[in-house]
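Encoded as structure tokens, the structure appears first; notes follow it.
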């Protein structure tokens, strides 16, 4: 593992490839992958080697740039057709996080403006790299904006990983934790392990303990009881998509929101504006259902007998009525939320 | 696996030993262990080879009988001292389920009445075997008493395993499911996998699918979202101890109770009277905290980095105010509950 952590995902200018940390291997192994083809990137997104809404936005943009750079086509229209095909394939890989298609479309739009393939390749890479840089700056602003919500001595419950590994650096929910710690607040993070893929225990615990921030892993089902015992000051999570009425985030988030409300504990969401999708409401979003084996097997063990069914949704929806505030790069939004559905934003 | 399932735990008259199904190996392997010493039984209870409140009651009683039968002592007082030492060791193995010490004390009391070691051994075995038979009859009565709470077509959420494997046969919560199915009700069980030890996915799913009852495993954190989507008719769980103000059960139970209340879904507990401990209130009960490795490792994988903490309580407490009814062998209790604290039982 390098002394100075490298970004979760980045563009290698020299080789014209994407570099990313393979998140399926943590915490047992730290491995940086050099990704040379769109096909390999799609596999990485599908297998969650790269995951987290903001990182998926950057991955989408870099994937379109990669398609442009690697194309051997010399005609402008032929290049555009190739890149559009790749863009569609990338965006379809995971349906719930809005950032993926947002990132894809952002670079695709710039490519369409180019006069020739050479210019298309140049501005595609420029745009993708700019997106990664903006993501870092956005996370830093989200972090700083969130400090006001974190009291000194706070015990912060989080779910899944909305950290540096979900973005390029710093993180959204964990960006707020990092900013608060840097500002001198004493903080303690309770990381729900996040079944079935353990992003909380594997990724959140890894990146926070690496930064010297106090972190304790708990099974997802014990969070409510810890709230009852007075061990949680606030809940702070990320988001994969925020519609005009609900926050879509990792399965289990809704349970924490309901239990936080029951105990009078604030429930905060930290997310960039690129995760907002005010044109949609809850029922308009497809929740990705993932394979049986994520639940039925772990390591070398079989956990579910073959005759039993498995339900494995990757996300759930938390109505905005349960959300105490949303921390964005533009500031902290509080109810009543007015960012969509024809209402003033 | 035998065609006719054998009891979860039983006394082998011929060899004077205890037989039990090793529940740590399911669903991958079905293995019946012959237990010849108290030391081996304590290991089995500690490792959860035998678990579940009613089964622990029977195990406690049979363990005391085993101590008496295996003792080489010829004097009455010396035997009593040996058996009392064994009884204390067995009862101390797990602190939360009241049934364990209840079972231990029941056989110990009978041994104290005996005139000589021969009689002590005989009545200890008689009492332990009677406890197992009573447990089966109790579960059948709990099951039949609960039928009235199960509407036709019910989708029943359960947590952990309160089934045949938690008792000698039939089960408490799953006993109600079995009785309802036998009475012609169409039922579907949603089994929460129950981290960290997966008793829901490994045991509940195994025993229900073996019986031909429709069962689907979900991660614990997805239960609340399934309630929101209208996929749960009622919650039905067992209990390890019922004090005058709270139900102690597997960690995660409290979260389901809070979420059921939020969604207006009934939350039922099924338990024998031997799980009731009305002399105590919530704060008087020790909640067992188990080892880090149950959370940090699974199937050869390391899930939590070494620098991060782990909190692993085995149980939580659900206040009776969240419990819609308690199904016992004597009938269905409804609020306001009056079984302790000086109030009429």
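The values are calculated or read from the model by the stated rules, or taken from the named source; none is laboratory data. Values in this document were obtained by computation on a predicted structure and should not be read as measured data. Using ideal geometry, Cβ is built from the backbone for each residue, glycine included, and neighbour counts are taken over all protein chains shown.
Quick look at the values:
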item: Test result for residue B:180, within 8 Å of another protein chain (Cβ to nearest Cβ), outside any loop (DSSP other than H, G, I, E, B), in contact with a helix residue (DSSP H, G or I) (Cβ under 7 Å, 6 or more places away or on another chain) and modelled with pLDDT of 95 or more; result: no
item: Test: residue in segment B:273-284 that is modelled with pLDDT of 95 or more, more than 30 Å from residue A:301 (Cβ to Cβ) and within 13 Å of chain A (Cβ to nearest Cβ); result: yes
item: Some residue of segment B:98-113 being surrounded by 22 or more Cβ atoms within 10 Å (Cβ to Cβ), in contact (Cβ under 8 Å) with a residue 12 or more places away in the chain, touching a strand residue (DSSP E or B) at 6+ places or on another chain (Cβ under 6 Å) and outside the structural domain of residue B:318 (by TED's automatic domain parsing); result: yes
item: The lone exception for residue A:73 - which of (1) in contact with a helix residue (DSSP H, G or I) (Cβ under 6 Å, 6 or more places away or on another chain); (2) part of a helix (DSSP H, G or I) it fails; result: (2)
item: Of the criteria (1) assigned to a helix (DSSP H, G or I); (2) surrounded by 15 or more Cβ atoms within 10 Å (Cβ to Cβ); (3) under 22 Å from the mean Cα position of the chain (by Cα), which one residue B:67 fails; result: (3)
item: Considering residues of segment A:303-337 that are part of a strand (DSSP E or B) and without any contact (Cβ under 8 Å) to a residue 24 or more places away in the chain only, the residue farthest from the other protein chains (Cβ to nearest Cβ); result: A:333
item: Some residue of segment B:289-302 being closer than 20 Å to residue A:228 by Cα, surrounded by fewer than 21 Cβ atoms within 10 Å (Cβ to Cβ) and either within 13 Å of chain A (Cβ to nearest Cβ) or at pLDDT below 95 (or both); result: yes
item: Hey, residue B:160 buried (at least 21 other Cβ atoms within 10 Å of the Cβ) and either touching a strand residue (DSSP E or B) at 6+ places or on another chain (Cβ under 7 Å) or within 11 Å of chain A (Cβ to nearest Cβ) (or both) or not; result: yes
item: Residue match in segment B:33-45 (condition: assigned by TED's automatic domain parsing to the domain that holds residue B:119 and assigned to a loop (DSSP other than H, G, I, E, B)); result: yes
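Conditions (1) at pLDDT 95 or above; (2) at positive phi; (3) surrounded by 15 or more Cβ atoms within 10 Å (Cβ to Cβ), marked per residue:
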{"position": "B:3", "(1), (2), (3)": "no, no, no"}
{"position": "B:10", "(1), (2), (3)": "yes, no, yes"}
{"position": "B:17", "(1), (2), (3)": "yes, no, yes"}
{"position": "B:27", "(1), (2), (3)": "yes, no, yes"}
{"position": "B:31", "(1), (2), (3)": "yes, no, no"}
{"position": "B:39", "(1), (2), (3)": "yes, no, no"}
{"position": "B:42", "(1), (2), (3)": "yes, no, yes"}
{"position": "B:47", "(1), (2), (3)": "yes, no, no"}
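Let's see how each residue does on (1) within 22 Å of residue B:259 (Cα to Cα); (2) buried (at least 18 other Cβ atoms within 10 Å of the Cβ):
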site	(1), (2)
A:254	yes, yes
A:263	yes, no
A:267	yes, yes
A:272	no, yes
A:281	no, no
